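For reference, the structure is listed below as structure tokens.
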Amino acid sequence: MESLRAAGLEVEAVVVPPGEASKTLERAGRLYEAMLKAGLDRGSVVVGLGGGVVTDLAGFVAATYMRGIAWVAVSTSLLGQVDAGVGGKTGVDHPECKNLIGAFHQPSAVLADVTTLATLPQEELRTGLAEVVKHAVIRDAALFDTLEAEADRILARDAAVLEDVVTRNVEIKADVVMADEREGGLRRILNYGHTVGHALESLAMEADGQLGGAAVTHGRAVALGMMAEARIAQARGTAEAGLLQRQRTLLERFGLPVGLDAPPDAERCLQIMRHDKKAQSGRLRFILPQTIGAVCDTDDVTDDEIREALRCLAAGC
């Protein structure tokens with residue numbers, strides 16, 4: 001704020017409570033009121049300073065206020081820097097489904113300063129690392145090698161390593177988004193781990209954030225989703241030998257879950273998935289890994305395959 005004011009700009013701050021619970025239409029409504037009170041017009045700019053929840057929310061209100069004004073993402077979490085703040089997907093949650101209400105609205109700029117990660121809680125760092133692993137599995141085998149080799153330095157917040165990791169992740173996501181901004185084809189690969197992951201996250205939100213006796217953040221849900229979806233690929237014989245174990249080992253090194261103490265409610269998960277925006281004509285779309293660095297897009301995964309993958313999260317198979 002001091003920097004912007006020094007540049008001769010008028011600045012008003014609105015603080016939102018942390019956590020997914022702030023991504024609601026009600027919270028967006030409060031922001032519209034604050035924007036009106038501050039006198040924002042079509043020449044104004046919204047700056048989202050914070051993690052993925054903040055940039056999702058800031059981008060959404062910018063996309064819908066006066067039919068769209070400019071916004072800038074200043075991501076201060078690893079999740080925001082490698083994923084949420086990049087790509088122009090903005091939105092809020094519906095009680096039945098995460099990110100159901102939203103808009104594609106590209107930010108005018110994205111700023112990522114890895115020194116902000118020095119004070120990030122360890123659990124939030126892990127949440128971002130789930131998306132980092134996802135990008136490596138879907139698009140970059142060399143990045144996966146780097147993550148395996150540098151896991152300790154990443155967890156120690158080594159700025160040089162983090163800068164390289166964040167840069168490569170932004171390049172991966174930006175390349176995909178530029179080729180397919182509105183998720184008509186290639187961009188769907190970014191949903192690896194999210195078809196199951198979003199269902200598990202929604203299930204946890206219904207139980208005060210708990211699932212199988214443990215707290216579930218977005219990153220933890222995505223890690224579990226990647227494990228379930230890799231198991232489907234393995235059971236089909238379409239994943240290369242060792243892929244599931246290699247993914248499991250890396251997720252565990254980053255302190256992310258690879259299983260649950262008790263199986264989730266499979267029927268409720270299936271119900272949530274069918275409301276997910278990734279479903280088309282009632283058919284669920286899955287991104288399944290083939291090798292480290294390559295995936296396939298399919299809509300023929302059966303309910304029984306999903307049930308078995310969810311069972312395996314607790315059984316460890």
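No lab work stands behind these numbers, since they all come straight from the coordinates. Every value quoted in this text rests on a predicted model; they were computed, and no experiment measured them. In this analysis, Cβ positions are derived from the backbone assuming ideal geometry, glycine residues included, and neighbour counts consider all displayed protein chains.
Some points to look at:
- For the range 1-58, GluC sites (Glu not before Pro) are listed when DSSP marks them as loop and at most 11 other Cβ atoms sit within 10 Å of their Cβ; the list is Glu10.
- Between Ala262 and Ala141, the FRET efficiency from the beta-carbon distance, with R0 = 30 Å, is close to 0.30.
- Cα centroid of the range 21-45 to Cα centroid of the range 138-157, whole Å: 38 Å
- Where Cα atoms sit under 15 Å apart: lysine pairs in the chain separated by 8 or more or lying on different chains: 9
- The range 66-157: GluC sites (Glu not before Pro) falling in loop per DSSP and having at most 13 other Cβ within 10 Å: Glu96
- About the Cα centre, charge dipole magnitude for the chain (Lys/Arg +1, Asp/Glu -1 at Cβ), debye: 420 debye
- Entry for Cα extents along the principal axes in Å (calculated from the structure that is shown) out of (i) 60, 42, 38; (ii) 80, 58, 41; (iii) 73, 49, 38: (i)
- Every helix of 4 or more DSSP H residues in the chain counts as -39500 (n - 2.57), and over all residues that averages to -15500 deg cm²/dmol at 222 nm.
- Cys with no candidate disulfide partner in the chain (beta-carbon separation under 4.7 Å rule): Cys97, Cys269, Cys296
- Selection from Leu284, Leu256, Met226, by position along the positive dipole direction of the range 226-317 (Cβ): Leu256
- Taking all Cα pairs closer than 8 Å and separated by 6 or more residues, the relative contact order of the range 119-315 comes to 27 percent.
- Using equal-weight Cα scatterers in the Debye expression, the normalised intensity of the range 35-80 in log10 at q = 0.21, 0.22 Å⁻¹ is -0.63, -0.68.
- Placing unit charges on the Cβ atoms only, positive for Lys and Arg and negative for Asp and Glu, gives the range 2-112 a dipole magnitude near 160 debye about its Cα centre.
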